[in-house]
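What follows is a set of notes on a single structure, which appears directly below.
Every read-out reported here was derived from the displayed coordinates using simple, explicitly stated rules and does not represent laboratory data. As the structure is a computational prediction, the values presented were derived from the model and not from experiment. Quick reminder, even Gly has a Cβ in these numbers, built from the backbone with ideal geometry, and neighbours come from all protein chains shown.
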Amino acid sequence: MEALDRPLARAVTARTAEHFTRLHRSEGTRLLFGRNVAALYGGHRSGVTAVGLTDGTRIPADLVLIGVGVTPRTELAAAAGLPVNGGITVDSTLLTADRHISAIGDCAAFPQVRSGNRLRLESVQNAVGHARLVAERLTGAQRTYDELPWFWSDQFSTTVQIAGLSEERGTEVVLGEDPDAFSVLVFRGQELEAVESVNRSVDHIAARRLLARRAPLTPGTAAAPGFSLREYLRNLPRD
């Protein structure tokens, strides 16, 4: 059951979500969208026996997996008098209001240099990047955190890789005609913000390099027949 109208609605574009809907259904998964759970039925001895939905439907079940996200553990920081707002508040160097304390990883709410918004990211790449920056600072280096976010997920025969972060859906350009291997380029205005690649690792690698360089790419250029992220990157002048 999914309360929203498609899977991964907060994470990927409708095109990528549609692919995963088809993929899971082809593997025998029954998906119910726009449905909410009202109750679990069963007993201490029998365990769960059914899931009740808000529309009155009751679905037999002997195992229920609940995915509701996480809440950052900020109690210790709050007790220490540190600002907390959706996570432990840090600056662009990952320092808290107490200059002797850093916060990193899933619990840290940090300013994203590219958008100017404060955010908290739950990802391996982000946690490793945070740790690397603090280690560098402790050994004398000084820089702000501005690493490009990237994510991946393997599901059945499909790998989706995401470079960048799009907080608001803008113009989308799809590369590739194969419904099982394509990339979605997401733009805000004339600026490329993120690239979702389904079974197209070459596009993902090029997208990470392109976004890290903040190289100019417009929707019109990307939509041209035969456009290739790798070739576009290769033809850019070197910094």
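So the values come out like this:
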quantity	calculated
Sorted by Cβ neighbour density within 10 Å, fewest at the top, the residues 104, 205, 66	66, 205, 104
Amide H within-cut-off set for residue 40, under 5 Å, with H built and near neighbours excluded	52
For the stretch 1-111, size of Cβ-based charge dipole, Lys and Arg +1, Asp and Glu -1, in debye	360 debye
From the coordinates shown, semi-axes √(5λ) of the Cα gyration tensor in Å corresponds to which of [x] 34, 30, 14; [y] 82, 21, 13; [z] 52, 28, 14	[x]
Mean residue ellipticity (222 nm) of the chain, computed from DSSP H runs ≥ 4 via -39,500 (n - 2.57), nearest 500	-6500 deg cm²/dmol
Between the stretch 25-75 and the stretch 81-124, the Cα center-to-center distance that results, in Å	33 Å
The stretch 48-60 - phi-based ³J(HN,Hα) in whole Hz, Karplus 6.51/-1.76/1.60, Gly and Pro as x	5, 10, 6, 10, x, 9, 5, 8, x, 5, 10, 10, x
In order through the stretch 160-166: 3J(HN,Hα) via Karplus (6.51 cos²θ - 1.76 cosθ + 1.60), integer Hz, x for Gly, Pro	10, 10, 10, 10, x, 9, 10
Diffusion constant of the stretch 1-72 at 10 °C, which comes from Stokes-Einstein with the Kirkwood Cα-pair radius and 1.306 mPa s, µm²/s	115 µm²/s
Among 82, 94, 185: highest mean-square fluctuation, GNM of the chain, C-alpha pairs under 10 Å	82
Radius 13 Å from Cβ of residue 183, net charge of other residues (Lys, Arg +1; Asp, Glu -1)	-2
Where Rh is the Kirkwood radius over Cα pairs, Rg/Rh for the stretch 150-234	0.93
Residue of 76, 119, 133 that the Gaussian network model of the chain assigns the largest fluctuation, springs spanning Cα pairs under 10 Å	76
Given charges at Cβ of Lys, Arg, Asp, Glu: the stretch 150-234 dipole, positive-most of 218, 175, 156	218
Note, ³J(HN,Hα) from phi for the stretch 104-117, Karplus 6.51, -1.76, 1.60, rounded to Hz, x at Gly and Pro	9, x, 4, 8, 8, 9, 10, x, 7, 4, 5, 9, x, 8
Summed residue charge, Cβ within 12 Å of residue 206's Cβ, Lys/Arg positive, Asp/Glu negative	+4
